[in-house]
Amino acid sequence: MVKRIELERDRFLAHLTSKSLAAGGESVECCLKAVEVNPENEGAHYRLAVAYARAGDLEAALESSAQAIRIQPDFAEAYLLRGLVYEQKGELELAHEDIATAVLLKPELYDERFEPIMESIREEEAEWDELTSRPEAKALFEKWEAEAMEEYRAGKTKPLDPEDL
């Protein structure tokens, strides 16, 4: 019975997608129905984000792309979309972070217009590498690590949970 329900759900999602594509793009209404049917489907949230972006609702596009990323943290296209929406809003630092993440996750998404972003990231990484290779930086990192271990052993902190990052 569960398999049949899943099959019917998938057919319904395919129908919604084909209906919206036949209409010249994915309508917000069709995408909302797809998300309603399967709220944990990252593709449905991504398509909804695209529809919102095309409709000019940038805040909703950001929210839907963030949902797609929450469900699938390595969804490169969702990062790219969110970065482009941030770029439209003039939030360039956030745009650069998301576009760079998208390209790092899926290099084939690279486009020449992203080169200034990638170059600035390479420069920042080189600067970071240079700073952290200095003896005084290494000593400081070792000191912080020792302090953190001491606090952990004393029960003042708990281990870092990757979900908190």
Residue set Ser133, Ser120; condition hydroxyl-bearing (Ser, Thr, Tyr) and closer than 30 Å to Pro159 by Cα; output residue Ser133
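Tell me yes or no: at least one residue of the range 79-102 is among the acidic types (Asp, Glu), touching a residue at least 24 places away in the same chain (Cβ under 8 Å) and either closer than 30 Å to Leu32 by Cβ or touching a Phe, Trp or Tyr at 6+ places or on another chain (Cβ under 9 Å) (or both).
No: zero hits.
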Residues of the range 54-78 being charged (D, E, K, R) and either over 16 Å from Pro39 (Cα atoms) or touching a strand residue (DSSP E or B) at 6+ places or on another chain (Cβ under 6 Å) (or both), in sequence order, are Arg54, Asp57, Glu59, Asp74, Glu77
Open item on the list: Can you say whether Glu26 is among the acidic types (Asp, Glu), modelled with pLDDT under 90, surrounded by fewer than 16 Cβ atoms within 10 Å (Cβ to Cβ) and more than 24 Å from Ser120 (Cα to Cα), as far as the supplied structure shows?
Closed with: no
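The values are calculated or read from the model by the stated rules, or taken from the named source; none is laboratory data. For clarity, every value in this text was computed on a predicted model and none was experimentally measured. Quick reminder, even Gly has a Cβ in these numbers, built from the backbone with ideal geometry, and neighbours come from all protein chains shown.
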